[in-house]
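What follows is one structure encoded as structure tokens, with my remarks underneath.
The values are calculated or read from the model by the stated rules, or taken from the named source; none is laboratory data. Computed from a predicted structure; not experimentally measured. Ideal geometry is used to build each Cβ from the backbone, glycine not excepted, and the neighbour counts take in all protein chains shown.
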Amino acid sequence: MRIGTGVDRSPIEWHLHLHLYGLENTRNSFVDHLHTSLVQKGIRVFKDDEMLRGGKRISSELLKAIEESRFAVVVFSQNYANSSWCLDELAKIMDCQDRMGQKVLPVFYHVDPSDVRGQKEDFATAFQQHEDKFREELDKVNKWRKALNAAGNLSGWHISAVNGGESSFIAKIVHVISTNIQPRGIASDLVDIKPRIDKLNLLLDTEATHIVRMVGICGMGGMGKTTIARALFRRISYKFDGSSFVGDIRETSKRDICVLQKQILKDVLATDRESVITDPVVGAELIQTRFCNKKLLLVLDDVDDGKQLEFLAATHEWFGAGSRVIITTRNEHLLSKTDATYKPAILLEQHAVELFSRHAFWKNSPPKGYEELSNRVIRYTGGLPLALKVLGSFFCKREASVWESALNRLAKTPNMEIFEMLKVSFDELCDDDKKIFLDIACFFKGRDEEEMIRVLDSFGFDATIGMSTLVEKSLITVSSKRIDMHDVLQEMGLEINLEAVEAIVHKGGSSSDIQPFRNDVFKDMNNIRLLDINGVFTFPKPTTLPDELRWLSWYQYPFPSLPVENLRKLVGLEMSYGCTEYLWTGYKFLPNLKFIHLHRVSRIGSFPDVSGAPNVERLILSGCSKLTFVHESLGTLRKLAYFKMSSCYKLKSLPSMVEMESLETLDLSYCFGLQKFPEISSRMQKLSTINLKSCYGLKVIPSSICELKNLKILNLQDGMALQPLPPLGSMEKLEELWLGSNHSVIVQRPPNFITFHFWTKFCCLRKPNLSHIQIEEHNFPDNFHAFSSLEELYLSGNSKLVHLPASISHLSRLKHLELNECQQLQNIQGLPSGIQVLKAFDCILLEEIEDLRKEYVWLYKICLPGCERLLEKQANKIYLDNMLQRSFLKQQTTYDDFVHEGDLLIRITESQNLEETKAVRCGAHIIYIEDVETIHQINTSIHDDRTSNILFTADDLPHVNEGNLIKAMVVTASEVEIIIRVSFDAKVMAYSEYVSSTICMSVNLLTIFLNVPLATVWVLKEVISRGFNSRANNILKY
């Protein structure tokens, strides 16, 4: 049975009014069972009670209940019409149906509906008595008759002795009512709530009634977790046999968790009787016993301790099939046993404005004169819903002058209501984690995660577990390896007072802002553990640094040397882009020093004696262009794991490294003057990466390198002077070997370099770079079975390569193949079926490429510019036309984009189901796009005679969602106007790029990027490729 929704004309306090009379013998059976079943479905039921029926008129309480109910269930029995009071109530119910859209559902309990409609049998007898009694008020009696007639004609349920048991009818009635009493919509004061509860509901998957699912909502305080959970609870609770929303668990459980267990039992069982529970273990057993076969909806709000879950919802097995449990918490670690986790995002600006305005102005946007003031508040809140509500209520009905004053105060002191709400999570941290949080809030927001772990570890904080805890409690986030936190949380951290100042951070400024310091400025700063200075200062060189200093970071350090005599506790030293000429002289005892970072210290000429710093683990000396001498003690650093000395152009030699048994990465790239590779030994078995790229002076690689059994990456690119390599076959774990060049320079290699038999022992090799080493077809093996691990192969610049060997198809894992500038290459055939990227720039003799449409379902990027001979045959034109048809990429669902970067004219004549945008790049000379049914011509033209390049980015171009229209840039060249016609059924973004006409002869290059979802089936037809010398009018004729 479906019930119309009607029109609501008054606030609804009750879902349903249960109206009955004359069921004294069944009140404790049929009606009570019906009432209980409705309540268990989460339906708010107002049931008639004889105590409300006093006097001759309907009581005000009952009248209010009738008017405020969305539905009325009227139970007619044989003696129903005996009560004039009850008939008055029915007349009121039917009036509410006519005036207010209330829905009336009749239940004919052992009485024929026709008797009700026509007032026959027992109803006739009752009305004879009423007419005798109310001779002077026959209008009232007629009103009753009219109400009975209307109710008797409504669709409902007829219960009799011959048409089924009462329990089945109760189930039918409850089902119809519960499925029709849908939520009345989302409260009007909730902003951006619908997409959020939709996402949560999707994770709950309520349609899967055969399983139990638990879903967590996690985020920092004030994000709206409770609001989202409550809104969804109200929307779907009718679908379950029972439901309970248990709020404020954090505070209630501090008193007695048994209270929460009692609430769950009372809510789900829909009983007024409270269970007697004094032991939480007993309560947990009772919940499991009573609900293991019951489909329920349970929300546990603001959980902050694992024991709360242990006693309220420990496992899925506690609940019946179809049950759903929602847990809100600030601590993601507590959700380890849930099936999914939802993390609400910060409100977008438009929604933040709306939420703030509703609380500040009682409307959706700020009134005139308050726009900028409101924007200042919204920027302060960072989109945090709690802060928007609190500050919106605070500013409500206040004058603009008060706003200004309050905003100035907020800049100095945070709002205490927001502060205390957020500080709850901070207070639960252990002492070390509190210090980590405060350090990040005050000093390290936005810094690199790995770097900060090293810094914080130097303070003795065990930062890895500490930062993990902060992430789990939503106090910080880590994105793209950067540490971040919400601005309001950062302000809270800045406000929390520490007993002692333990760090100084100076981020510099203009010279006028810098105050002069004495050279003993740090003398009495005994508790400083972090000194972070970024900028140039005018004070003299410091004579001493704080004894407790653990980490020194001084960008552009202006002095020739550093006073380190008392830095026994120093762990990290960063002095990039400074003027240091030498760090120190002689022996210095620095037992805790682990990290030295001297990037682009252009004046340093030597690296000092580090025998007094035996625990150094990470050493970076990159870009020290004048560095010529390194003390021999460097080779004794047994704990050194990472050593980068790239771009030290004048360095000629290094001390022996035979004792560096912990070394994992050695980077000497771009050390042009390096003539001798340092001695290494078999003890260095942790060494996995050696980078010797562009070490032009290096002639010999010692044979001892072959003893590095665990080496994975060896980069010898652009090593022009290298003589034959030692036998590297013993490096069984080598994955990447870079031997060629990135430049169009032929690198002469000895014969063993250009035969694949040289590589057969590298069973783990994934990325060999053999560019510009003059490899030929006969150098390839008959089969590549020994190279089954190859994923990328770089063969660019091999001018003697005419054909790819047929055996290349054996490389089953090959995904990326580059053949750029192979100027003798004539065809590309027999590629492995798993190929994803094919690049063949400027292969000027390339005449043929195999059909890639059928077998190569993973292919998503083809780059063939400058392959002019491909276009000389008509068959190739037809093939290229078909090759780019989107249909052959239907199975490609795991990659984001299809890229063709050739010189193309593309006509798009069909599209299907175009939805959201993803990157599809058609880098084309000229793109002509039209729809055969509807053509919209863009009349925007840009005349540009400048020779410099102009780039329009996504931010420069509008997002368009009007149907069938893209606003794009159109170029008018000196000889021909290039028109772009577009017709798509969705929002598409276009990029335009001008390139100097000198590049493209008389036609300016127009590149348009069309963003298209990969899952969409695109048919790209009439694709014709032309060279740079083509005229636009010749292209457009196709």
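Before moving on, here are some points about what is shown:
- Test: residue in region 371-393 that is exposed (fewer than 12 other Cβ atoms within 10 Å of the Cβ) and on the phi > 0 side of the Ramachandran plot: no
- Hits in region 69-81 (condition: buried (at least 18 other Cβ atoms within 10 Å of the Cβ) and of a type outside the set (Gly, Ala, Ser)): Arg70, Phe71, Val73, Val74, Val75, Phe76, Tyr80
- Taken over region 422-443, the criterion of being at pLDDT below 85 and within 27 Å of Asn615 (Cβ to Cβ) is satisfied by Phe443 alone.
- Criterion violated by Ser365 - all others in (1) closer than 25 Å to Thr227 by Cβ; (2) loosely packed, with under 12 Cβ neighbours inside 10 Å satisfied: (2)
- Which numbered condition Leu737 misses (of (1) closer than 25 Å to Ser799 by Cβ; (2) in contact with a Lys or Arg (Cβ under 9 Å, 6 or more places away or on another chain); (3) at pLDDT below 70): (3)
- Selection of region 285-309 for residues being closer than 24 Å to His333 by Cβ and buried (at least 18 other Cβ atoms within 10 Å of the Cβ) yields Ile287, Leu298, Val299, Leu300, Asp301, Asp302, Val303, Asp304, Gln308, Leu309.
- Number of the condition not met by Ile186 [criteria: (1) at pLDDT below 85; (2) part of a helix (DSSP H, G or I); (3) surrounded by fewer than 18 Cβ atoms within 10 Å (Cβ to Cβ)]: (2)
- Some residue of region 65-72 being under 27 Å from Leu138 (Cα atoms), at pLDDT 85 or above and not assigned by TED's automatic domain parsing to the domain that holds Asp267: yes
- Any chance Cys396 is surrounded by 15 or more Cβ atoms within 10 Å (Cβ to Cβ) and of a type outside the set (Val, Ile, Thr): no
- Qualifying positions in region 340-357 - in contact with a strand residue (DSSP E or B) (Cβ under 8 Å, 6 or more places away or on another chain) and either surrounded by 16 or more Cβ atoms within 10 Å (Cβ to Cβ) or of a type in the set (Val, Ile, Thr) (or both): Thr341, Tyr342, Pro344
- Residues located in region 310-323, provided they are free of Cβ contacts under 8 Å to residues at least 40 places away in the same chain, surrounded by 18 or more Cβ atoms within 10 Å (Cβ to Cβ) and either out of contact with any helix residue (DSSP H, G or I) (no Cβ under 7 Å at 6 or more places or on another chain) or outside the structural domain of Gly216 (by TED's automatic domain parsing) (or both): none
- Per the listing Lys652, Lys588, Lys594, Lys639, the residue uniquely more than 30 Å from Asp547 (Cβ to Cβ), out of contact with any His (no Cβ under 6 Å at 6 or more places or on another chain), among the charged types (D, E, K, R) and in contact (Cβ under 8 Å) with a residue 24 or more places away in the chain is Lys652.
- Matching option when the condition is part of a strand (DSSP E or B) and at pLDDT below 90, among Leu859, Leu817, Leu838, Leu852: Leu838
- Glu68 vs. criteria of a type in the set (Asp, Glu) and within 49 Å of the chain's Cα centre (by Cα): yes
- Leu105 under 27 Å from Ser69 (Cα atoms) and aliphatic (A, V, I, L, M): yes
- Among the residues here, Thr413 qualifies as polar (S, T, N, Q), surrounded by fewer than 18 Cβ atoms within 10 Å (Cβ to Cβ) and part of a loop (DSSP other than H, G, I, E, B).
- Residue that is surrounded by the fewest Cβ atoms within 10 Å (Cβ to Cβ) [pool: residues in region 201-223 that are among the charged types (D, E, K, R) and in a loop (DSSP other than H, G, I, E, B)]: Glu207
Conditions tested, residue by residue: (1) under 14 Å from Ile327 (Cα atoms); (2) loosely packed, with under 14 Cβ neighbours inside 10 Å; (3) more than 29 Å from the chain's Cα centre (by Cα).
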position: Arg196; (1), (2), (3): no, no, no
position: Lys225; (1), (2), (3): yes, no, no
position: Lys254; (1), (2), (3): no, yes, yes
position: Gln261; (1), (2), (3): no, no, yes
position: Val268; (1), (2), (3): no, no, yes
position: Glu274; (1), (2), (3): no, yes, yes
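- Hey, Phe76 among the aromatic types (Phe, Trp, Tyr), closer than 19 Å to Ile177 by Cβ and modelled with pLDDT of 85 or more or not: yes
- Answer residue from region 576-623, given it is among the aliphatic types (A, V, I, L, M) and assigned to a strand (DSSP E or B) and is surrounded by the fewest Cβ atoms within 10 Å (Cβ to Cβ) among those: Ile620
- Taking every residue in region 240-251 that is part of a helix (DSSP H, G or I) and pairing it with any residue that is buried (at least 23 other Cβ atoms within 10 Å of the Cβ), at least 6 positions away or on another chain, the pairs with Cβ-Cβ distances below 8 Å are Ile249/Leu260; Ile249/Leu300; Ile249/Val303; Ile249/Gln308; Ile249/Leu312; Arg250/Val303.
- In region 32-59, residue modelled with the lowest pLDDT [restricted to those that are of a type outside the set (A, V, I, L, M, F, W, C) and not in a loop (DSSP other than H, G, I, E, B)]: Glu50
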